[in-house]
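Novice: Got a structure for you, written out below as structure tokens; questions coming shortly.
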Amino acid sequence: MDRIRIIGGRPLNGTIPISGAKNATLPLMIASLLTKETLILDNVPRLADVALLQRILGNHGVDVTVGGKRAGETADHGQTLHISAAHIVDTTAPYELVTKMRASFWVLAPLVARMGQARVSLPGGCAIGTRPVDFLIMAMERLGAQIEIDAGYVVAKAPKGLKGSEIVFPKVTVGGTHTAIMAASLADGTTVIENAAREPEIVDVADCLNKMGARISGTGTGRIVVEGVAGLNGARHSVLPDRIETGTYAMAVAMAGGDILLQNARPELLQTALDLMQASGVQVTPTNQGIRIARNESELAPIEVTTAPFPAFPTDLQAQLMALMTRARGTSHIVETVFENRFMHVQELVRLGARIHLEGERATIEGVERLKGAPVMATDLRASVSLVIAALAAEGETIVNRVYHLDRGFERLEDKLSRCGAAIERLSG
Ligand code: EPZ
């Protein structure tokens, strides 16, 4: 198993290219199941989760080919995927695959919408919370699917097709909103989705579906309207930049000090996080190439933040912000309201010398003068990267174990950071 070794204390200077968003790429790939024609996706990040979803889709009969490099292209350019679901040969998503990646549960919606049936394993528990799928099942039922749970599988049937309806989510859910939009696109009639997720990745997927011939409006607001169509065609779409990767590297620079251009980053995708960092004393400058983040010798001021659905501060940056606040001058408070168990990084940060006290969903972080390197590990990708951020400012050596979590969501992390002066390397085996 690979590990990452970091020697802390070096500032970061230079340019970090921001990759396409993982959490848009995955539903975009799944949306390919809605059409017989080829969907071409550009700016796709090279991630373990993308490769795994390729395998999962392959199991349904989907062909995915990676486009060749064009002149002048480097590893900093995303890859191009040609995805063809011309022949769906199997509508079952088996337990062994769905448990490896929860988002693969979302194949339920396009399979039922196009094929009238699907058998998809329930994903089970997760390291960051219970993460049930009841709202996704409710959305499919509202659209007329008959659903049974059989031997750990959701068995869904809609032999006569889905019917447009009203779906009101009791709580904002990204996966639920993706599910509702994809299924409603091929339903008969109009669907109104209330309390929809407003995340930029929802907007990106809907933009792509509209290019494929869907009729979706209102994305980016809490009320989405989908007029169903009889069929969808192929299209070409470029994945939007990853706001969580952007925020992660912004916090890495804030932690280590230095001056970095986050190339291709778009400030409006993470304005709340950028405002907060600015309030803490980090320089944030939007440019026409991306976002510049800088911090010199200035101290970090503590913050108060509560995670919540977009446009509030994202849960996917909570662990990284906590790592940063371990070095603030004073006491910070972070309240996690999206996932009830997303604090697995706390005890690992404590191993590096952080002072963090947990009480239910509220973490109190007392800034410390210094962190000290140690061996650490984490149970999900955002928690793992928070340890990398802490290690960049810790004295001496930190070894981050279980690097496969990082590989799921961060493209060439050690390469991007080492090119900017960090002492970071991958230890194989
Ligand atoms: C998406 O997960 C993201 N995953 C997550 O990113 C992200 O943390 C999350 O949205 C919140 O922004 C992808 O896009 C692939 P939800 P999702 O449905 O859709 C509860 C990362 O690190 N809920 O918005 O699964 C749920 O338990 C990952 O990249 C139900 O109760 O999240 C949670 O408390 C991790 N029943 C809340 O809603 C349901 O049926 C929001 O979850 C569905 C959700």
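Novice: Quick check on T272: is it hydroxyl-bearing (S, T, Y) and either without any contact (Cβ under 8 Å) to a residue 40 or more places away in the chain or touching an Asp or Glu at 6+ places or on another chain (Cβ under 9 Å) (or both)?
Specialist: No, not satisfied.
Novice: I've got another one for you. Identify all residues within segment 263-291 that are among the hydroxyl-bearing types (S, T, Y) and in contact with a Phe, Trp or Tyr (Cβ under 8 Å, 6 or more places away or on another chain); write none if there are none.
Specialist: Result: T272, single match.
Novice: Something else now. Where in segment 78-173 are there helices (runs of 4 or more DSSP H), lying wholly inside it, with at least 2 residues that are open to solvent by less than 40 Å² (accessible area, probe 1.4 Å) and more than 9 Å from the ligand (Cβ to nearest atom)?
Specialist: 95-98, 108-115
Novice: Kindly provide the set of residues from segment 188-233 that are more than 16 Å from the ligand (Cβ to nearest atom), β-branched (V, I, T) and open to solvent by less than 10 Å² (accessible area, probe 1.4 Å), ordered by number.
Specialist: Passing the criteria: T191, V226.
Novice: Is there a residue being at pLDDT 95 or above and touching a His at 6+ places or on another chain (Cβ under 6 Å) anywhere in segment 144-151?
Specialist: No, because not a single residue in segment 144-151 is at pLDDT 95 or above and touching a His at 6+ places or on another chain (Cβ under 6 Å).
Novice: Looking at A184, A180, can you tell me which residue is within 11 Å of V225 (Cα to Cα), within 16 Å of the ligand (Cβ to nearest atom) and buried (at least 23 other Cβ atoms within 10 Å of the Cβ)?
Specialist: A180
Novice: Another one. Any idea which of (1) away from the ligand (no atom under 15 Å from the Cβ); (2) under 16 Å from the mean Cα position of the chain (by Cα); (3) under 26 Å from A184 (Cα atoms) is the one V50 doesn't satisfy?
Specialist: V50 satisfies all of (1) away from the ligand (no atom under 15 Å from the Cβ); (2) under 16 Å from the mean Cα position of the chain (by Cα); (3) under 26 Å from A184 (Cα atoms) except (1).
Novice: Hey, another quick one. Given the criterion open to solvent by 20 Å² or more (accessible area, probe 1.4 Å), in a helix (DSSP H, G or I), at pLDDT 95 or above and of a type outside the set (K, R), identify the matching residue among E245, E268.
Specialist: Within the list E245, E268, the selection yields E268.
Novice: Give E348, E340 a once-over and let me know the one that is under 21 Å from T248 (Cβ atoms), open to solvent by 30 Å² or more (accessible area, probe 1.4 Å) and in contact (Cβ under 8 Å) with a residue 24 or more places away in the chain. Explain how you work it out, then say what you get.
Specialist: Values: E340 fails: under 21 Å from T248 (Cβ atoms).
Only one candidate passes the filter, namely E348.
Novice: Check segment 272-280 and report whether any residue there is farther than 24 Å from G367 by Cα and modelled with pLDDT of 95 or more.
Specialist: No: segment 272-280 contains no residue that is farther than 24 Å from G367 by Cα and modelled with pLDDT of 95 or more.
Novice: How many residues, within segment 2-61, are open to solvent by 10 Å² or more (accessible area, probe 1.4 Å), in contact with a helix residue (DSSP H, G or I) (Cβ under 9 Å, 6 or more places away or on another chain), within 21 Å of I88 (Cβ to Cβ) and part of a strand (DSSP E or B)?
Specialist: Matching residues across segment 2-61 total 1.
Novice: Which residue pairs have Cβ atoms closer than 8 Å, lie 6 or more positions apart in sequence or on different chains, and pair a first residue in segment 93-105 that is without any contact (Cβ under 8 Å) to a residue 40 or more places away in the chain with a second residue that is assigned to a helix (DSSP H, G or I) and open to solvent by 40 Å² or more (accessible area, probe 1.4 Å)?
Specialist: Correct list of pairs: A93/N59; P94/N59.
Novice: Spot the failing condition for M325; the list is (1) buried (at least 19 other Cβ atoms within 10 Å of the Cβ); (2) under 18 Å from the mean Cα position of the chain (by Cα), and only one is missed.
Specialist: M325 satisfies every listed condition except (2).
Novice: Anything in segment 364-417 that is of a type in the set (K, R) and open to solvent by 20 Å² or more (accessible area, probe 1.4 Å)? List them, or say none. Spell out how you get there, then give the answer.
Specialist: Of all residues in segment 364-417, those of a type in the set (K, R) come to 370, 372, 382, 402, 408, 412, 416.
If the condition is that a residue be of a type in the set (K, R) and open to solvent by 20 Å² or more (accessible area, probe 1.4 Å), then R370, K372, R402, R408, R412 are the ones that fit.
The values are calculated or read from the model by the stated rules, or taken from the named source; none is laboratory data. It should be emphasised that the depicted structure is a prediction, and the values quoted were computed from it without experimental measurement. Heads up, the Cβs are rebuilt from the backbone with ideal geometry, glycines too, and the neighbour counts pull from every protein chain shown. For accessibility, only protein heavy atoms count, side chains too; no ligands or nucleic acids. Shrake-Rupley method; radii C 1.70, N 1.55, O 1.52, S 1.80 Å.
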